[in-house]
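Report on the following structure.
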Amino acid sequence: MERVPILKLGDLLIVSIQVDLDDQTVLALKEDLAEVVVARGARGVIIDISAVEIVDSFTGRMLATIAEMCRMLDAHAVVVGMRPAVAITLVELGLSLGGVRTALNLEKGVALLDHVRGAVP
Amino acid sequence: MNAEREAAIASSADVVAVRRLVRSAAIEVGLSLIDQTKIITAASELARNALVYAGRGEVRVHVVENGSRRGLKLVVSDEGPGISDVERALTDGWTTGTGLGLGLGGSRRLVDEFDLLSEPGKGTSVTVTKWAR
Amino acid sequence: MSSHADVERRLGELLRTHEEQVISRWTQSADAPRDELTELYRAILRAIEEGGRDLADLRGLLAELSRSRARAGYSPAETSKAVFGLKGALYEIVVAHADDEVLRGFIRFARLIDDLGLFTFEAYAEAREKIIMDQAEQLLELSTPVVKLWEGIVAVPLIGTLDSARTQVVMEKLLETLVETGAEHAVIDITGVPAVDTQVAQHLLKTVFAARLMGAECVISGIRPQIAHTIVTLGIEFGDIVTKSSLADALAHAFRRSGVQVSGGPATRVTVRAEQA
């Protein structure tokens, strides 16, 4: 099983998913991320899925779970770079990722986190 | 070209393999990027269903033709417990597992044709087709 | 009484012996390049010698001929006449060598050519249909521009009747543009749309939701009273989607959301200044 690397940048964590996700990999990512968020005291997590071609209901639900988990650990999560085809498919599937913050790309994700943290110090 | 391809589903890594198989066939048939994504996602949902509810299953991929239109037909079958209430299984949010219950109903919305055959105690077979536009 | 095989053999011989002559006559009447007809002639000859069972090669050639004719603007009659012309070309030879077998062979041959002619006609029609479909698609792409209104704000002005296919194309294009330009605000303006049905309204909604998943906000503007009425009557939930009556209002909304300030009224000098969001 592959493990998705978690990059640390100041109090941000950046997860760039470059592989076709199988369920085990997503579950492992969730666990790894929870540990690193706590260990590093991270305040923001950016999950870049611009290379991900398929997000099915399981992966979509996991993204929502990861975001929710981050919130509980006092970190804001942003999912960035979702492809149009993936977004259309998720809407058709009936998955709204309720409450997950999203941004068009990594840069905008960082800006969004700055903005969010500026508003809620 | 019309050769049928198949793959066994026995682990979550196989679900990823199914996606690859369906992707290469979808490209061959000439589905648009969005339609490729939809049928691959549907295949992923159905393959996972087979894995979760029956422990294992298989996928067969056919290239089909209707006049000048080409399409991709997938048959995902298992020998699991089957579904006793098909109507209900297709309702969003209904699940006997741990998922969201979007697998079957959601996959139906992602494809052009959807056919579900299930016999309690014998297994389930779902046939879906996506036509190139 | 001679068997089918004899008749076919005799016909095959005749076609082979007089190949040059028949093709020359055929070329004259058919208005087609000699090479193409020669190739076709040999395929027909092969099919006859094999008893007319395997016509796959022949059909392939004919389909190609039909396609190229359809693209070049020939009429269907002209196209199938090219095939029927072979009958006339062979007739002279048959008359010169008329015996019982040859005549019976010619009748069978004529039937084969009729079939092939009809096949050509069908292939032609199919090719034309394909051309029309391709053109419709090109038209679709032409008629759906996504325009940039401001840094970070794009718009799709939709004009004319929206069907499900067209709406889908526009929406896909809009989402692609969001990725390419990094625009976080989009306006879907339907001022020029006379009516929407359930499917089209659903597509619009799905686009707004898909854009949200990607990290962008869509505003729908220019909803006419009748369309608003339809949407409500159909029971379609627009929920928390922002709608504005005009494109100008939608732009003002997008300006506010992205921190752009516009000062001054319509009659005065307008200065625009962008704030760092």
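The values are calculated or read from the model by the stated rules, or taken from the named source; none is laboratory data. Since this is a predicted model, take the numbers as computed values, not measurements. Cβ placement follows ideal geometry from the backbone for every residue including glycine, while neighbour counts extend to all protein chains displayed. Just the protein is used for accessible areas: all its heavy atoms, side chains included, with ligands, DNA and RNA removed. Shrake-Rupley method; radii C 1.70, N 1.55, O 1.52, S 1.80 Å.
Among the residues of segment A:65-121, which ones are more than 13 Å from chain C (Cβ to nearest Cβ) and farther than 17 Å from A:L13 by Cα?
If the condition is that a residue be more than 13 Å from chain C (Cβ to nearest Cβ) and farther than 17 Å from A:L13 by Cα, then A:V120, A:P121 are the ones that fit.
For segment C:11-23, which positions are without any contact (Cβ under 8 Å) to a residue 40 or more places away in the chain, open to solvent by 10 Å² or more (accessible area, probe 1.4 Å) and of a type outside the set (K, R)?
Correct list: C:E13, C:T17, C:E19, C:E20.
Against the condition closer than 18 Å to C:D6 by Cβ and among the charged types (D, E, K, R), how does C:R67 come out, does it pass?
No.
Can you spot a residue in segment C:262-272 that is out of contact with any helix residue (DSSP H, G or I) (no Cβ under 8 Å at 6 or more places or on another chain), modelled with pLDDT of 90 or more and under 27 Å from A:L112 (Cα atoms)?
Within segment C:262-272 (the criterion being out of contact with any helix residue (DSSP H, G or I) (no Cβ under 8 Å at 6 or more places or on another chain), modelled with pLDDT of 90 or more and under 27 Å from A:L112 (Cα atoms)), the answer is no, since none of the residues qualifies.
For residues that are farther than 16 Å from B:L72 by Cβ and open to solvent by less than 40 Å² (accessible area, probe 1.4 Å), scanning just segment B:15-28, find the one that is farthest from the other protein chains (Cβ to nearest Cβ).
Within segment B:15-28, the match that is farthest from the other protein chains (Cβ to nearest Cβ) is B:V15.
Among C:L112, C:L175, C:L149, C:L158, which is the only one that is more than 14 Å from chain A (Cβ to nearest Cβ) and in a helix (DSSP H, G or I)?
So the residue among C:L112, C:L175, C:L149, C:L158 that is more than 14 Å from chain A (Cβ to nearest Cβ) and in a helix (DSSP H, G or I) is C:L112.
I'd like the full set of residues that are out of contact with any Lys or Arg (no Cβ under 8 Å at 6 or more places or on another chain) and more than 11 Å from C:Q199 (Cβ to Cβ), limited to segment C:156-165.
Answer for segment C:156-165, where residues must be out of contact with any Lys or Arg (no Cβ under 8 Å at 6 or more places or on another chain) and more than 11 Å from C:Q199 (Cβ to Cβ): C:P157, C:L158, C:I159, C:G160, C:T161.
Out of the residues in segment C:115-146 meeting the condition of being β-branched (V, I, T) and in a helix (DSSP H, G or I), tell me which one is least open to solvent (accessible area, probe 1.4 Å).
Per the criteria, the residue is C:T120.
Return yes or no: is C:A186 within 12 Å of chain A (Cβ to nearest Cβ) and either modelled with pLDDT under 95 or buried (at least 19 other Cβ atoms within 10 Å of the Cβ) (or both)?
yes
May I ask you to say which residue of C:G51, C:G85 is assigned by TED's automatic domain parsing to the domain that holds C:L116 and in a loop (DSSP other than H, G, I, E, B)?
C:G51
Which one is surrounded by the most Cβ atoms within 10 Å (Cβ to Cβ) among residues in segment A:8-26 that are closer than 23 Å to A:G41 by Cα and within 14 Å of another protein chain (Cβ to nearest Cβ)?
By that ranking, first place goes to A:I17.
Just the residues that are at the interface with chain A (Cβ under 7 Å from one of its Cβ atoms), open to solvent by less than 10 Å² (accessible area, probe 1.4 Å) and closer than 18 Å to C:K148 by Cα, please, taken from segment C:203-219.
Selection gives C:A216 alone.
Residues are listed down the side, and each one gets a yes or a no for (1) more than 18 Å from B:A8 (Cα to Cα); (2) open to solvent by less than 30 Å² (accessible area, probe 1.4 Å):
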{"residue": "B:G30", "(1), (2)": "yes, no"}
{"residue": "B:I40", "(1), (2)": "no, yes"}
{"residue": "B:E65", "(1), (2)": "yes, no"}
{"residue": "B:R109", "(1), (2)": "yes, no"}
{"residue": "B:T129", "(1), (2)": "yes, yes"}
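Is it the case that some residue within segment C:151-160 is under 30 Å from C:A70 (Cβ atoms) and open to solvent by less than 70 Å² (accessible area, probe 1.4 Å)?
Yes, some residue in segment C:151-160 is under 30 Å from C:A70 (Cβ atoms) and open to solvent by less than 70 Å² (accessible area, probe 1.4 Å).
Let me confirm something: among A:L12, A:L27, A:L33, A:L73, which residue is farther than 19 Å from A:L113 by Cα and touching a helix residue (DSSP H, G or I) at 6+ places or on another chain (Cβ under 8 Å)?
A:L27
Filter the helices (runs of 4 or more DSSP H) completely within segment A:8-121 down to those with at least 1 residues that are touching a residue at least 60 places away in the same chain (Cβ under 8 Å) and over 30 Å from B:A26 (Cβ atoms).
A:106-119
Does segment C:222-237 include one or more residues that are within 11 Å of chain A (Cβ to nearest Cβ) and either farther than 28 Å from A:G109 by Cβ or assigned to a loop (DSSP other than H, G, I, E, B) (or both)?
So far as segment C:222-237 goes, no, none of its residues is within 11 Å of chain A (Cβ to nearest Cβ) and either farther than 28 Å from A:G109 by Cβ or assigned to a loop (DSSP other than H, G, I, E, B) (or both).
For the subset of segment A:40-50 comprising residues that are open to solvent by 10 Å² or more (accessible area, probe 1.4 Å) and modelled with pLDDT of 95 or more, which member is farthest from A:L7 (Cα to Cα)?
A:S50
Which one is nearest to B:S44 (Cα to Cα) among residues in segment A:52-106 that are open to solvent by 20 Å² or more (accessible area, probe 1.4 Å) and among the acidic types (D, E)?
This residue is A:E53.
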